[in-house]
Structures are given as structure tokens and as C-alpha cells.
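See below for the structure under consideration.
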Ligand code: SME
């Protein structure tokens, strides 16, 4: 297993392209989900230095905070609440350019300005979300959606 990441300063697409096989190498052969989610968050944070990146996994009717990197965050989110709960309820990736303009946004930190939330599936059922926050407006786009989706698809949930 690679102990260090090779950090790339190319375009965002190039950064995802270089990072994805490294994440694959990092988690391949490891069956412990907590270990893998922790390393995926660390790798993403190290490469992109986003304000916050983390996983919420569904327990009952709530999303519960799991592995993350960044400041402390809300522990539980109800289905349909906030960007994360909306992504779960609608089974849809949400890219929010300005979180203050998103009705019901849950502000874990006032520094967060834009956000992307991607639902995670296991056997065709949503089991959680990946949430990424930036302190810049309009920070996420289709390249992030595609790059992050590819990384999520590598993880065995
Ligand atoms: N802003 C999210 C809550 C999670 S934190 O950003 C880490 C939301 O509205 O669902």
C-alpha cells in the first residue's frame, strides 16, 4: 500500500485522474469500511484542501456522521433536511453554488459557502452520502461530480 500520495497541481480533471488510482491502491484489499472511508477523506483533503469532506451513513431515518476531515460537524441529519437530507430524499447529486440561498441548508460552519452532496448506493439502495464543503462560492461543478462519483464507486460499502 502506498504510504504517501503524489499530490498533483494540474487542472481539476487531472488532479482527479492522478488521485483516483492512488485511492484505489489505498483501499484495495482492505475490507474495513471505517479504515477505507477515513483514508479516502484524508486523501481528498490532502489533494484538494477543501474546507470539509466527509461521509454520512444512514441509520434508521437519519444520516449519521462518519469519517471526515475538517472542522467538527453536525452529527445527525434527518431525511429531507439540509443539502445532505435533500440529496438522500431525492436520490440525486446536489451542487449548491451558494448555501445561503438553499432553503433549509444546515450550517455546520458559517465559513462554508458552497457544497456538493453525492448519494452513495449499495445494492441499488441509498446507504449514505458524500458531502464536500468549500469556503468559496460556486466551487463545485460536473468535474467534481464525475471525479467524486468514480472514487465512491471504488469503495465497497
Ligand atoms: N451543510 C450540510 C450539513 C453537513 S455539513 O456541511 C458538514 C447540509 O445542509 O446538509
* Among (1) crowded, with 18+ Cβ neighbours inside 10 Å; (2) assigned to a helix (DSSP H, G or I); (3) touching a strand residue (DSSP E or B) at 6+ places or on another chain (Cβ under 8 Å) - the single one residue 34 does not satisfy -> (1)
* Structure fact -> residue 10 vs (1) surrounded by 13 or more Cβ atoms within 10 Å (Cβ to Cβ); (2) closer than 22 Å to residue 145 by Cα: all pass except (1)
* Just checking, which of 59, 79 is at pLDDT 95 or above, in contact with a helix residue (DSSP H, G or I) (Cβ under 8 Å, 6 or more places away or on another chain) and more than 28 Å from residue 7 (Cβ to Cβ)? -> 79
* **Pairs where the first residue, in region 47-62, is more than 12 Å from residue 139 (Cβ to Cβ) and assigned to a helix (DSSP H, G or I) and the second is more than 10 Å from the ligand (Cβ to nearest atom) and at pLDDT 95 or above, C-beta under 7 Å, 6+ apart** => 47/15; 47/19
* To do: Would you check if there is a residue in region 20-29 being within 12 Å of the ligand (Cβ to nearest atom) and either free of Cβ contacts under 8 Å to residues at least 60 places away in the same chain or surrounded by 19 or more Cβ atoms within 10 Å (Cβ to Cβ) (or both)?
  => no
* To do: Please determine, by comparing only the residues of region 6-21 that are over 15 Å from residue 42 (Cβ atoms) and assigned to a loop (DSSP other than H, G, I, E, B), which one is modelled with the lowest pLDDT.
  => 8
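The values are calculated or read from the model by the stated rules, or taken from the named source; none is laboratory data. Because the structure is predicted, anything quoted here is derived from the model rather than measured. For neighbour counting, all protein chains shown are included, and Cβ atoms are generated from backbone atoms with ideal geometry for every residue, glycine included.
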